[in-house]
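Student: After the structure tokens below, expect a handful of questions from me.
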């Protein structure tokens, strides 16, 4: 087969499996190798230490897999809208939009594996491997190289026809496929995404400091969240969509409702704070929220509650103040003290009887003294 014939055959396989947004990129060294190493050197990846491992693979996957000649790049849309009849206290509106359904890794895995096997059958002896967020690839750069869109100033891929509400996947293949033309940047002078970020996570256009990103803080970051970021987190429990919500290109996004599993649709902020860890684990099983784990979710929920200052959450926060992790308890104390009510201060005072961490006991004492002065 010629490269064009092989490409046509692969595109047909993709369409047969429901993948409509497909482009091809040739394997080769990245044009952003120096940028990627400098990004790591600056520590912008935070505690995502796996990004430090073998950066040469990300710069050119042929160092690891010499047989790779082409990438089949896939863009997968996810629903940007929520049902109108969503319960008022549902956490769905506090999740990044991709996380409002079942975990996309598990949803697309069978189809991607089937595509990989079908591509291998095209040419006896050929090789192929599918990946989705799990391999040493700079997926967004490869997607832009293949023409699926361009990397916006918020670093996410933007499709000029339908915006950025997309997931990416790829199949690396030993087949030589005719490559598509790279996409052109159409952000122009717009800086809406950079200006809207409440934590100033973009030190410059096209550069993300993950350590300041709400998505990183709520999903990847373990331990306490720095006080400087807590108010800026607003109501985000898991992830953040602000930089995409303000992007003008997302006005072209197709209308689609998120198909949330019942366990998520009926999950409330109160339940996240009050459920036992094993109960919460069952509620988030099979969803993207599993990545954060229950302790981080409770910590995040406490910060959200502190920002909402909803007195109805005081009893649930008092339960969270008995959590096994001290950094979760601290977030609960912080939230309670922001309520500025006798009920909240009483809850903190009761929690003090059970607090064994000396540092946190001092924090509670300081909180209570400040609360006493405030309520006089």
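The values are calculated or read from the model by the stated rules, or taken from the named source; none is laboratory data. Note that the structure is predicted; figures quoted are calculated from it, not measured. Cβ coordinates were reconstructed from backbone atoms using ideal geometry, including for glycine residues, and neighbour counts include every protein chain displayed.
Student: Would you mind stating whether residue 180 is more than 25 Å from residue 51 (Cα to Cα), in a loop (DSSP other than H, G, I, E, B) and not assigned by TED's automatic domain parsing to the domain that holds residue 130?
Tutor: Working: more than 25 Å from residue 51 (Cα to Cα): yes; in a loop (DSSP other than H, G, I, E, B): yes; not assigned by TED's automatic domain parsing to the domain that holds residue 130: yes.
Yes; evaluated as a whole, the condition is true for this residue.
Student: Search region 340-362 for residues that are touching a residue at least 24 places away in the same chain (Cβ under 8 Å) and pair each with any residue that is surrounded by fewer than 16 Cβ atoms within 10 Å (Cβ to Cβ) and outside any helix (DSSP H, G or I) when their beta-carbon atoms are under 8 Å apart and the residues are at least 6 apart or on different chains.
Tutor: Final answer for the pair search is 340/309; 351/322; 354/322.
Student: Check residue 73 against each of (1) closer than 29 Å to residue 218 by Cβ; (2) crowded, with 16+ Cβ neighbours inside 10 Å; (3) assigned by TED's automatic domain parsing to the domain that holds residue 159; (4) out of contact with any strand residue (DSSP E or B) (no Cβ under 7 Å at 6 or more places or on another chain) and name the one condition it does not meet.
Tutor: (4)
Student: Condition check: in contact (Cβ under 8 Å) with a residue 60 or more places away in the chain, touching a helix residue (DSSP H, G or I) at 6+ places or on another chain (Cβ under 9 Å) and either buried (at least 19 other Cβ atoms within 10 Å of the Cβ) or closer than 28 Å to residue 62 by Cα (or both). Does residue 194 satisfy that?
Tutor: no
Student: Is there a residue being without any contact (Cβ under 8 Å) to a residue 60 or more places away in the chain and either under 30 Å from residue 163 (Cβ atoms) or touching a helix residue (DSSP H, G or I) at 6+ places or on another chain (Cβ under 9 Å) (or both) anywhere in region 259-270?
Tutor: First, pick out the residues of region 259-270 that are without any contact (Cβ under 8 Å) to a residue 60 or more places away in the chain: 262-263.
Now restrict to residues that are either under 30 Å from residue 163 (Cβ atoms) or touching a helix residue (DSSP H, G or I) at 6+ places or on another chain (Cβ under 9 Å) (or both): 262-263.
Scanning region 259-270, I find at least one residue that is without any contact (Cβ under 8 Å) to a residue 60 or more places away in the chain and either under 30 Å from residue 163 (Cβ atoms) or touching a helix residue (DSSP H, G or I) at 6+ places or on another chain (Cβ under 9 Å) (or both), so the answer is yes.
Student: Being out of contact with any strand residue (DSSP E or B) (no Cβ under 9 Å at 6 or more places or on another chain), at pLDDT 90 or above, closer than 26 Å to residue 283 by Cα and assigned by TED's automatic domain parsing to the domain that holds residue 23 narrows it down to one of 66, 110, so name that one. I'd like the intermediate steps shown before the answer.
Tutor: Working: 66 fails: closer than 26 Å to residue 283 by Cα.
110 is the lone residue from the list that is out of contact with any strand residue (DSSP E or B) (no Cβ under 9 Å at 6 or more places or on another chain), at pLDDT 90 or above, closer than 26 Å to residue 283 by Cα and assigned by TED's automatic domain parsing to the domain that holds residue 23.
Student: Given the criterion over 25 Å from residue 73 (Cα atoms) and not in a loop (DSSP other than H, G, I, E, B), identify the matching residue among 211, 200.
Tutor: 211
Student: Here is a check on your reading of the model: is residue 158 touching a strand residue (DSSP E or B) at 6+ places or on another chain (Cβ under 9 Å) and either under 30 Å from residue 302 (Cα atoms) or in the same structural domain as residue 73 (by TED's automatic domain parsing) (or both)?
Tutor: yes
Student: I would also like to ask the following. Looking only at helices (runs of 4 or more DSSP H) that fall completely inside region 1-120, which ones have 2 or more residues that are over 30 Å from residue 242 (Cα atoms) and touching a residue at least 60 places away in the same chain (Cβ under 8 Å)?
Tutor: 3-16
Student: Filter region 29-53 down to residues that are over 23 Å from the mean Cα position of the chain (by Cα) and surrounded by fewer than 16 Cβ atoms within 10 Å (Cβ to Cβ) and give me whichever is farthest from residue 215 (Cα to Cα).
Tutor: 29
Student: Is it the case that region 163-173 has a residue that's touching a strand residue (DSSP E or B) at 6+ places or on another chain (Cβ under 9 Å), closer than 18 Å to residue 24 by Cβ and in a loop (DSSP other than H, G, I, E, B)?
Tutor: Among the residues of region 163-173, not one is touching a strand residue (DSSP E or B) at 6+ places or on another chain (Cβ under 9 Å), closer than 18 Å to residue 24 by Cβ and in a loop (DSSP other than H, G, I, E, B), which makes the answer no.
Student: Looking at this structure, is residue 240 modelled with pLDDT of 95 or more, farther than 18 Å from residue 94 by Cβ and buried (at least 22 other Cβ atoms within 10 Å of the Cβ)?
Tutor: The answer is no for residue 240.
Student: Moving on. For region 108-152, give me each residue that is under 23 Å from the mean Cα position of the chain (by Cα), surrounded by fewer than 16 Cβ atoms within 10 Å (Cβ to Cβ) and over 14 Å from residue 171 (Cα atoms).
Tutor: Selection gives nothing.
Student: Then there is this: Being assigned to a loop (DSSP other than H, G, I, E, B) and surrounded by 15 or more Cβ atoms within 10 Å (Cβ to Cβ): is that true of residue 217 here?
Tutor: Numbers: assigned to a loop (DSSP other than H, G, I, E, B): no; surrounded by 15 or more Cβ atoms within 10 Å (Cβ to Cβ): yes.
The answer is no for residue 217.
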